[in-house]
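After the C-alpha cells below, expect a handful of questions from me.
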6 protein chains.
Amino acid sequence: MTSREQPPHQPLAESVLADLRAASVATLTTQLLKRGFRNRAPVGLQPLRPDLKLIGVARTLRYVPAREDLATLEALASPEHPQRWLIEHVRPGDVVVMDARGDPRAGTLGEILATRLQQRGCAGIVSDGPVRDAAGIRALEMPTFCAGAHPNANVTVHHAADVDVPIGCGGVLVMPGDAIVGDADGVVVIPRELVAEVAADAAEQEREEAYIHQRIREGDSIVGVYPLDEATRAEYYARRGRRPA
Amino acid sequence: MTSREQPPHQPLAESVLADLRAASVATLTTQLLKRGFRNRAPVGLQPLRPDLKLIGVARTLRYVPAREDLATLEALASPEHPQRWLIEHVRPGDVVVMDARGDPRAGTLGEILATRLQQRGCAGIVSDGPVRDAAGIRALEMPTFCAGAHPNANVTVHHAADVDVPIGCGGVLVMPGDAIVGDADGVVVIPRELVAEVAADAAEQEREEAYIHQRIREGDSIVGVYPLDEATRAEYYARRGRRPA
Amino acid sequence: MTSREQPPHQPLAESVLADLRAASVATLTTQLLKRGFRNRAPVGLQPLRPDLKLIGVARTLRYVPAREDLATLEALASPEHPQRWLIEHVRPGDVVVMDARGDPRAGTLGEILATRLQQRGCAGIVSDGPVRDAAGIRALEMPTFCAGAHPNANVTVHHAADVDVPIGCGGVLVMPGDAIVGDADGVVVIPRELVAEVAADAAEQEREEAYIHQRIREGDSIVGVYPLDEATRAEYYARRGRRPA
Amino acid sequence: MTSREQPPHQPLAESVLADLRAASVATLTTQLLKRGFRNRAPVGLQPLRPDLKLIGVARTLRYVPAREDLATLEALASPEHPQRWLIEHVRPGDVVVMDARGDPRAGTLGEILATRLQQRGCAGIVSDGPVRDAAGIRALEMPTFCAGAHPNANVTVHHAADVDVPIGCGGVLVMPGDAIVGDADGVVVIPRELVAEVAADAAEQEREEAYIHQRIREGDSIVGVYPLDEATRAEYYARRGRRPA
Amino acid sequence: MTSREQPPHQPLAESVLADLRAASVATLTTQLLKRGFRNRAPVGLQPLRPDLKLIGVARTLRYVPAREDLATLEALASPEHPQRWLIEHVRPGDVVVMDARGDPRAGTLGEILATRLQQRGCAGIVSDGPVRDAAGIRALEMPTFCAGAHPNANVTVHHAADVDVPIGCGGVLVMPGDAIVGDADGVVVIPRELVAEVAADAAEQEREEAYIHQRIREGDSIVGVYPLDEATRAEYYARRGRRPA
Amino acid sequence: MTSREQPPHQPLAESVLADLRAASVATLTTQLLKRGFRNRAPVGLQPLRPDLKLIGVARTLRYVPAREDLATLEALASPEHPQRWLIEHVRPGDVVVMDARGDPRAGTLGEILATRLQQRGCAGIVSDGPVRDAAGIRALEMPTFCAGAHPNANVTVHHAADVDVPIGCGGVLVMPGDAIVGDADGVVVIPRELVAEVAADAAEQEREEAYIHQRIREGDSIVGVYPLDEATRAEYYARRGRRPA
C-alpha cells in the first residue's frame, strides 16, 4: 500500500452537475476530442442499469495479479485491506473505479460491498472486470458499469494493491478526482481541471443537437444541418432567440 | 474515394422478400452451407432490437484506421465525406453495412444519422463496430446490428475511405447489392445472385422444420425425425397434402 | 468415438439439491476456493434466462475443429452421431455441457434439439460457444448458458468427436458426473465427490451472508461485519438461536 | 482415459515419404485446397528448428484444463499417466501432436521427455502450446513445432486426459494416423486416406513450380507463367521431355 | 475492382532517401509524434530480414474475407486479378503493402511472386498477415515485414479486392504514395506530404542522439543529457562545430 | 507519484546467486509449484539474448495508459519523471521490471536508457511490452526480456505513474525486491522471502535431473526414472556417493 491518506473531498459544483446531467456521454467525448483527447472512454464496459446516469468523482482501486499466499479470503478481514479501506472511506458523490486489467476470470465486487457503497452515498461503480452477484447489484439504485458478471471472488485472480492512485481502466487513464460520467453508451473520464468547461460546452452542444435532431426528424437532409452550416446556424440562433455565450 | 456513382437500384423482388420473411437467419445459413458457403454470417454482432427482422440490400461503407490530420470533426461537414454521402444516397430497402475492422474503441454511427437513414427508408444498419447513442438508435423502429455501444465519435479511430465497394464485416465478405437478413441470431449475407433460390429453399426448409418441431414437441425422438428419414418425410408430405415443388 | 456406454445414472441427492437451490453460484465458488480450487467457473458464458437456476449433472459433448468431409449436414442423420446420440441418452437431471473451444463462429445447438432435451427432462444446457435459434431456446423453460447467439450450424466449424469424456468448457475442466450449477452470474462446475459438503457449506454461508447483508442494509460498517469478527459472529449465532453444525 | 490400446502401426510408405520430402508444406496445403480442405494447417505454431523437415504419423495427446487436485506433479509418476504412456508407446515415425488449447501459460513437454521421444525414434513434436527447456529441445536433431517457450510445468494449467483420439491443434482437426508434415512455414495435417495422392500431386506441383520459379528468376512476367497457361505449359513439358502421369 | 489506373510514379527524392537511410524507424516515429501523429507504426509485423533496411513508396493491396466461389486458385490466372496486376505494375522503389486484416490463417504472398517483385525493382514487402515460403523469401535480398509464416495460399481466407487505395495495415492508415521505412524495430508509414521534413529532422535527431549515446557510454547520467538541457546542448553544438539549420 | 524513497538495497546472497546460476527457470517454476504457486512466470515475454542468463532483484516501473496532455516528450526531461528517476536510482544487481499492460503499440525503453542501465550495473530488463531500438539493446551484454520490438516512444501509449510498487507483468505479481531469473524459456518471479530455499531445492533438482537425463540418453525408459522411483533414486544416491541434505 503506498498511501492511505484520504484525498481532499472536492465534490463537483452544482452548476457542473447540472451541465453533466444535460449532456450525453457521447457528447462529452466529442468535447474532449475537440481538446485533443482521443482516449477518455474505457472499452469493454457495460451498464448494469442503462436507465441510471452516473455522475461523480473518481476514487481508484488498483488490483494486480493474485499471488496464492497474499490474495486470500482471510486478507479481506483487515480494515486496512485496500478494497475494504476504500469502501469505508467513500464519500457521497464518489465513484469507485477499479483497474482489474480487464481480467474476465473473477468478479471485482459483490452485492454486500455494493450495498455498503450505496449506504455511504457512493455515486456508482466502474470496473473493467466483471462483478459478482450481478442480479443483486442491478437491483440497487446505483449505476454500475462493468465487464458483465462472473461468480469468482476477486481474490481468485486479484490482489488489491493500492487506492487513490492513477490507474488504467478499460485502456483509459483515471486520475483520482477525475469526473466520471456514464450512460447507456458507457463511461467517460474527464480530467478534473477540464470538467467545468467540457460540461458547459457539452450541454450547449446538446441543445444544438436537439435542434438538429428535430430538423432531421422533420425530413431535412443532413447537408448543411449536421453539422450546422452558417445559414442553418443562423436559423437555429433565431429559433432559440439568442446566441450561446 | 474511389467511386461515387450511385450503384443501380435493384431492390429485392416481392417474392424473395416473402420467402426471406418466412426464413430464419439460421435456416438461411444452412441453405448457404449446402451450397458450399461456410462463412456468410458475421461474428461479433448483436441486434439492438432482436424483435425487428432486417431484410434489405447492402450498401457498404469502408472505414480504415484514422490519421489525426484526416479524421477530424471538420471533415464531416463535407457532403462528399463518404459516410455522409452514403447516408444521403441511401434508397428505400438499402442496408448500410460498415467495415469498422471490429474496433471496439468508437461508435460508427450515432442517433442523428440513424434517424436520417430511417427517414430515407433505410432497411437497417449493420456494423462490426459499436454505435453511439445506442439508446436513441434502439428507440427507432429500424433494426441495427452492431458490436454494442461506445460513446466515442467515429473519427476518433476511423477514417471513412470508401462507399459501395466490397468490404469485410465481422469476418465476412459483403459485396454491394448482397442481400442482408438479420434476426435475433445475427446477420447473414447472401450473394445477390443466389438470393432467390436460397430464400425459396429456406422458406421450404422452415415449413419442414415446423413439422419436425411439432413432432418433437409431441414427444417424438429425433431419430428419423430430425433430419426426416424417408418414412417420416412421407408422413410430412401426406400431412401437408402435397410435395414441395 | 471412444465410448458409447451410457454412464451410470447418479442423480444428485435431494438434500444436495436443496442446498444447491439455497446457494448462489458466487457462494459456491467461494466454498471451492476455500478448498483450493481457483478455476471452477467457466469464462465467457451468459445465461439466456438469468431468471432460471440451473442445477444438474454433467453429460459432456466434445467438439473438435471441423474437417470439410466429416462435418456435414448428412452426418447428423446418424443416430450414432455423438451429438444426436447424447441427446437421445440424456436422463432427467442431466446437463449437456459442450466443449466448443470458445469458437464464436457457429451455434452449437438449435431450438429443435433443445426442445427434445427439454422433453427428455434435461436440466439445462451449457456451451462455451453460441447457440442458434436463441430466441426459441430462450422461450423454453430450461436454463441455457452460452456465448450468445450465432446462426451458423455447428458443422460449419465443429466436428462432434466424443461424449461422456472429460472436457474443457470456458477454460474449466468438466468431468462427466460433475455437478453443474448456474445463475445470473454464470456457471460453476463442482467435482462430484465434493458436491455434498460444498453445497452444505455454501447453504450455511448464504444464511450467514443474509445476516451480514441485513446488517449492512441497516447501515453498519463492513468492519467486523463482513467478514464477521468474533463478536459479531456471536450476535449472529444469538439471533439465529443456534450455532451451525 | 478412454483408450489405451496401441493403435495399429501404419507407417507411411517409402514412396509417399519420398514425395513428401520433395514437397513444401505450402504446396501440400495447395493440394488440399484443391480437394476442398481449407483448414489443414494449424495457426500459432513455429518451428524450433526450421532447418529440419518433419514427416510422420500423428499420435495425439489431449490436454484439458487442470484441476488442482488432479493435475499434480505426483500424477506424472504413473506409467498410466496419458502423457507418459504415450511417450513410452511411440513408435519410429510417429509424431506426438498435442492439443493444449493454445494456452500460453505452460510448457507442454520438456527436454527429458523430448530426449526419450528421440530415443524411441519419434519423428517430431507438434504442440499448440509452448514447450519448456526450449534450448535443450532445440539442440535435439528432432523437429519440434510449438507456440514458443514457457517455463511452467504442464500440470500448472493442463490435465492430460486422453491419447490417440481426434483432437484440435492450432484450430485444425488431427486424427490419429494422419500424416504430419512440417517445414519453416509451419505444419500441415493430411487426412491419412488422402496422403498418397496429395503427396504425389504436390511433388509434381513442386517440379512445375521449380520451372516457373526459374522462368521468373530469368526475368519473365508472371502473366502466362504463374500459373502456367497452355502455351507455357507446353514449353514446360517440352523441357521436361515428358508429360506428367 | 475500383481502379486500375497506374498511379503517378513519384519516387522519393535522393536527399530524402539519404535522410531516411540515416534515421532509425524509432526516430522517425518520434518526429511524427512531435507533429501529433501517434499511430504510424503498424503492430504485429516482424522483419524477415532485420539486417535489411526498407525504404520506399507504398503501393497498396486490399484483401477482404474470402468467399468460396470467388477466392479460388483459378482466379489467380487472370492478369487482372488485383494481386497479380499490382505485382506486374510495381515500379522500382515501390513497396507492396497488404491489408490482410491481421488474419493469421494464410500466407499473403509466396516466394515466386516475391521473386518477381524483386525482379521488378520492388523495394520491399509489408503485410499484416503471414507470408508463405518464408525461407525462400528470406533468402531474397529484399526486406519483408510480415506476421510470420503460414503455409496456406492467400485464397484460403482472402479475396483480393483492390489496389492503390487507402488501406489499414497493422492498425495504421496507409495511403498510396506514403513513404514506408522499416528496420529491426518494425515499419513506419510517413504521410507523403511530410516525408521531406520528417526525414530531415529525424536525421538531425540521429546526430544529436549519437552524441547523447556517446556521453552515456562514457558514464554520464541521463539527467541533463537525455534529453539535452541547455548547457549540454551548447556543448554538443560546440563539439559539432555548428548549430543545425 | 506515490513514493520516491529509494528502497533498501538487499542484493541476493552469493550462495543464492550460485544456486540460481545452477538452476533453469523451468526448474525454479517447478519448485514454486510444489509450494502452491502456479502463476510466477509471465506470459508473452521473449529473451532478446537467450544466451544470457538474468538474475537480479526487482525494481518496478508502472505504466498506465497515456493521456495526451501528460504523456509528452517534454515530460521526459524531468529527473523526477518516474522512468528517468528509476533509471538513475538503479543499483548493481537490480532488474528493471515494467508493467506495460502487454500493450504492443509502443516500445517501453530504448537503447540510450538501456545503455545507461548497463553503466549503472543493472542486471537486466523485463517488460511485458516491446522495446525500441531492439537491435542496439540486443548488442548490449545485458539480458532483456520483452514482447518483441516496436518503434514508438513509450509516451505514445504510456504514462509512467509509479516506481517501486507492486505491479503486474505478463499476468504475474511482481513485488519490489522479488528475485528475477530469466533464461531461454522466459522469466520467473520468486517471492523474496522464499528465494533461498527455492534456489537451493532447484539446484538440487537440477543435479537429480542431470542424472535422469543421462539415463534417458543412455536409452532407459522414463518409467521409474522420471520421476525417480525408490529403486532408481537409490542408484542415484549411490552414484552421487551421498544423499542430499
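Conditions first: (1) buried (at least 24 other Cβ atoms within 10 Å of the Cβ); (2) assigned to a loop (DSSP other than H, G, I, E, B). C:Met142 passes all but one, so which condition is the exception?
(1)
If you check B:Arg138 against the conditions, is it farther than 30 Å from B:Pro65 by Cβ and of a type outside the set (Asp, Glu)?
Judged against the criteria, B:Arg138 is not a match.
What's the number of the only condition in (1) over 21 Å from C:Gly124 (Cα atoms); (2) surrounded by fewer than 24 Cβ atoms within 10 Å (Cβ to Cβ); (3) touching a residue at least 60 places away in the same chain (Cβ under 8 Å) that C:Pro176 fails to meet?
Here C:Pro176 clears every test but (1).
Can you pull out the residues in the range C:116-139 that are touching a helix residue (DSSP H, G or I) at 6+ places or on another chain (Cβ under 8 Å), facing chain B (nearest Cβ under 9 Å) and buried (at least 24 other Cβ atoms within 10 Å of the Cβ)?
Those that are touching a helix residue (DSSP H, G or I) at 6+ places or on another chain (Cβ under 8 Å), facing chain B (nearest Cβ under 9 Å) and buried (at least 24 other Cβ atoms within 10 Å of the Cβ): C:Arg116, C:Val131, C:Arg132, C:Asp133.
Also, quick follow-up: Kindly check whether there is at least one residue in the range C:55-65 that is farther than 21 Å from C:Gln118 by Cα, at pLDDT 95 or above and touching a Leu at 6+ places or on another chain (Cβ under 9 Å).
If we filter the range C:55-65 for residues that are farther than 21 Å from C:Gln118 by Cα, which is where we start, we get C:63-65.
Filter again for at pLDDT 95 or above, leaving C:63-65.
Retained after the next criterion (residues that are touching a Leu at 6+ places or on another chain (Cβ under 9 Å)): C:64-65.
For the range C:55-65, residues farther than 21 Å from C:Gln118 by Cα, at pLDDT 95 or above and touching a Leu at 6+ places or on another chain (Cβ under 9 Å): present.
Same structure, new question: Can you say whether E:Arg40 is surrounded by fewer than 23 Cβ atoms within 10 Å (Cβ to Cβ), within 12 Å of chain B (Cβ to nearest Cβ) and within 20 Å of E:Ala147 (Cα to Cα), as far as the supplied structure shows?
On the way: surrounded by fewer than 23 Cβ atoms within 10 Å (Cβ to Cβ): no; within 12 Å of chain B (Cβ to nearest Cβ): yes; within 20 Å of E:Ala147 (Cα to Cα): yes.
Here the answer is no, as E:Arg40 does not meet what is asked.
Answer yes or no as to whether F:Pro176 is part of a loop (DSSP other than H, G, I, E, B), farther than 30 Å from D:Leu48 by Cβ and of a type outside the set (A, V, I, L, M).
On the way: part of a loop (DSSP other than H, G, I, E, B): yes; farther than 30 Å from D:Leu48 by Cβ: yes; of a type outside the set (A, V, I, L, M): yes.
Answer is yes for this residue.
Taking the range D:149-159 on its own, how many of its residues are open to solvent by 10 Å² or more (accessible area, probe 1.4 Å) and more than 7 Å from chain F (Cβ to nearest Cβ)?
3
Do you know which of the residues in the range A:53-100 that are open to solvent by less than 20 Å² (accessible area, probe 1.4 Å) and free of Cβ contacts under 8 Å to residues at least 40 places away in the same chain is farthest from C:Ile222 (Cα to Cα)?
A:Asp94
So which pairs qualify, if the first residue must be in the range A:8-21 and without any contact (Cβ under 8 Å) to a residue 40 or more places away in the chain, the second must be surrounded by 14 or more Cβ atoms within 10 Å (Cβ to Cβ) and in a loop (DSSP other than H, G, I, E, B), the Cβ gap must be under 8 Å, and the two must be at least 6 apart or on different chains?
Pairs that qualify, where the first residue is without any contact (Cβ under 8 Å) to a residue 40 or more places away in the chain and the partner is surrounded by 14 or more Cβ atoms within 10 Å (Cβ to Cβ) and in a loop (DSSP other than H, G, I, E, B), are A:Arg21/A:Lys53.
Is it true that some residue in the range B:184-202 is modelled with pLDDT of 95 or more, surrounded by fewer than 15 Cβ atoms within 10 Å (Cβ to Cβ) and among the small types (Gly, Ala, Ser)?
Narrowing the range B:184-202 to residues modelled with pLDDT of 95 or more: B:184-202.
Remaining after also requiring surrounded by fewer than 15 Cβ atoms within 10 Å (Cβ to Cβ): B:193, B:197.
Those still in the list that are among the small types (Gly, Ala, Ser) too: none.
No.
Here is a yes/no grid of residues against (1) without any contact (Cβ under 8 Å) to a residue 40 or more places away in the chain; (2) surrounded by 16 or more Cβ atoms within 10 Å (Cβ to Cβ); (3) more than 7 Å from every other protein chain (Cβ to nearest Cβ); (4) in contact with a Lys or Arg (Cβ under 9 Å, 6 or more places away or on another chain):
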| residue | (1), (2), (3), (4) |
| --- | --- |
| E:Ala161 | no, yes, no, yes |
| E:Asp164 | no, yes, yes, yes |
| E:Gln205 | no, yes, yes, no |
| E:Tyr226 | yes, yes, no, yes |
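Hey, another quick one. Which condition from (1) closer than 28 Å to F:His81 by Cβ; (2) buried (at least 19 other Cβ atoms within 10 Å of the Cβ); (3) among the aliphatic types (A, V, I, L, M) is the one that E:Ala234 breaks?
That leaves (2) as the condition not met.
Given the conditions (1) of a type outside the set (Ser, Thr, Tyr); (2) touching a Gly at 6+ places or on another chain (Cβ under 6 Å); (3) on the phi > 0 side of the Ramachandran plot, which single one is not true for E:Pro143?
Every condition holds for E:Pro143 apart from (3).
To continue, here is another question. For the structure I just gave you, tell me whether D:Leu28 is in contact with a Pro (Cβ under 8 Å, 6 or more places away or on another chain) and either among the β-branched types (Val, Ile, Thr) or closer than 25 Å to F:Pro227 by Cβ (or both).
Working: in contact with a Pro (Cβ under 8 Å, 6 or more places away or on another chain): yes; either among the β-branched types (Val, Ile, Thr) or closer than 25 Å to F:Pro227 by Cβ (or both): no.
No: the conditions fail for D:Leu28.
If I go through the range B:210-224 residue by residue, how many of them are open to solvent by 40 Å² or more (accessible area, probe 1.4 Å) and of a type outside the set (Val, Ile, Thr)? Explain how you work it out, then say what you get.
To start, the set of residues in the range B:210-224 that are open to solvent by 40 Å² or more (accessible area, probe 1.4 Å) comprises B:210, B:214, B:217-218, B:220, B:223.
If we keep only those that are of a type outside the set (Val, Ile, Thr) too, we end up with B:210, B:214, B:217-218, B:220.
Counting residues in the range B:210-224 that are open to solvent by 40 Å² or more (accessible area, probe 1.4 Å) and of a type outside the set (Val, Ile, Thr) gives 5.
Can you pull out the residues in the range B:78-111 that are of a type in the set (Lys, Arg) and not in a helix (DSSP H, G or I)? Show your work before the answer.
Taking the range B:78-111 first, the residues of a type in the set (Lys, Arg) are B:84, B:91, B:101, B:105.
Selection gives B:Arg91, B:Arg101, B:Arg105.
Let me ask another. Which residue out of C:Ala58, C:Ala71, C:Ala114, C:Ala75 is in a loop (DSSP other than H, G, I, E, B) and among the hydrophobic types (A, V, I, L, M, F, W, C)?
Working: C:Ala58 fails: in a loop (DSSP other than H, G, I, E, B); C:Ala114 fails: in a loop (DSSP other than H, G, I, E, B); C:Ala75 fails: in a loop (DSSP other than H, G, I, E, B).
Going through C:Ala58, C:Ala71, C:Ala114, C:Ala75 in turn, just one is in a loop (DSSP other than H, G, I, E, B) and among the hydrophobic types (A, V, I, L, M, F, W, C): C:Ala71.
What are the pairs, 6+ residues apart or on separate chains, where a residue within the range E:117-137 that is free of Cβ contacts under 8 Å to residues at least 24 places away in the same chain has its Cβ under 9 Å from a residue that is β-branched (Val, Ile, Thr) and open to solvent by 20 Å² or more (accessible area, probe 1.4 Å)?
So the pair list comes out empty.
A:Arg101 - would you say it is basic (Lys, Arg) and more than 9 Å from every other protein chain (Cβ to nearest Cβ)? Break it down stepwise before answering.
Numbers: basic (Lys, Arg): yes; more than 9 Å from every other protein chain (Cβ to nearest Cβ): no.
So A:Arg101 does not fit the description; no.
Of these, D:Gln6, D:Gln10, which one is in contact with a helix residue (DSSP H, G or I) (Cβ under 6 Å, 6 or more places away or on another chain) and surrounded by fewer than 16 Cβ atoms within 10 Å (Cβ to Cβ)?
On the way: D:Gln10 fails: in contact with a helix residue (DSSP H, G or I) (Cβ under 6 Å, 6 or more places away or on another chain).
Going through D:Gln6, D:Gln10 in turn, just one is in contact with a helix residue (DSSP H, G or I) (Cβ under 6 Å, 6 or more places away or on another chain) and surrounded by fewer than 16 Cβ atoms within 10 Å (Cβ to Cβ): D:Gln6.
Answer yes or no as to whether D:Arg59 is among the basic types (Lys, Arg) and within 16 Å of the chain's Cα centre (by Cα). Working first, answer last.
Numbers: among the basic types (Lys, Arg): yes; within 16 Å of the chain's Cα centre (by Cα): yes.
Taking the combined requirement at face value, the residue satisfies it.
Out of the range A:4-55, which residues are among the aliphatic types (A, V, I, L, M) and either in contact with a Phe, Trp or Tyr (Cβ under 8 Å, 6 or more places away or on another chain) or part of a loop (DSSP other than H, G, I, E, B) (or both)?
We begin by selecting, within the range A:4-55, every residue among the aliphatic types (A, V, I, L, M); these are A:12-13, A:16-18, A:20, A:22-23, A:25-26, A:28, A:32-33, A:41, A:43, A:45, A:48, A:52, A:54-55.
Answer for the range A:4-55, where residues must be among the aliphatic types (A, V, I, L, M) and either in contact with a Phe, Trp or Tyr (Cβ under 8 Å, 6 or more places away or on another chain) or part of a loop (DSSP other than H, G, I, E, B) (or both): A:Leu12, A:Ala13, A:Ala23, A:Ala41, A:Val43, A:Leu45, A:Leu48, A:Leu52, A:Leu54.
Right, something else. Could you tell me whether any residue of the range B:175-183 is within 8 Å of another protein chain (Cβ to nearest Cβ), of a type in the set (D, E, K, R), within 16 Å of the chain's Cα centre (by Cα) and within 29 Å of A:Ala147 (Cα to Cα)?
Looking through the range B:175-183, at least one residue is within 8 Å of another protein chain (Cβ to nearest Cβ), of a type in the set (D, E, K, R), within 16 Å of the chain's Cα centre (by Cα) and within 29 Å of A:Ala147 (Cα to Cα).
The values are calculated or read from the model by the stated rules, or taken from the named source; none is laboratory data. These numbers were taken from a predicted model, which means no experiment stands behind them. FYI the Cβ positions are ideal-geometry reconstructions off the backbone, even for glycines, and counts take in every protein chain you see. All accessible areas refer to the heavy atoms of the entire protein, side chains included, with ligands and DNA or RNA removed. Shrake-Rupley method; radii C 1.70, N 1.55, O 1.52, S 1.80 Å.
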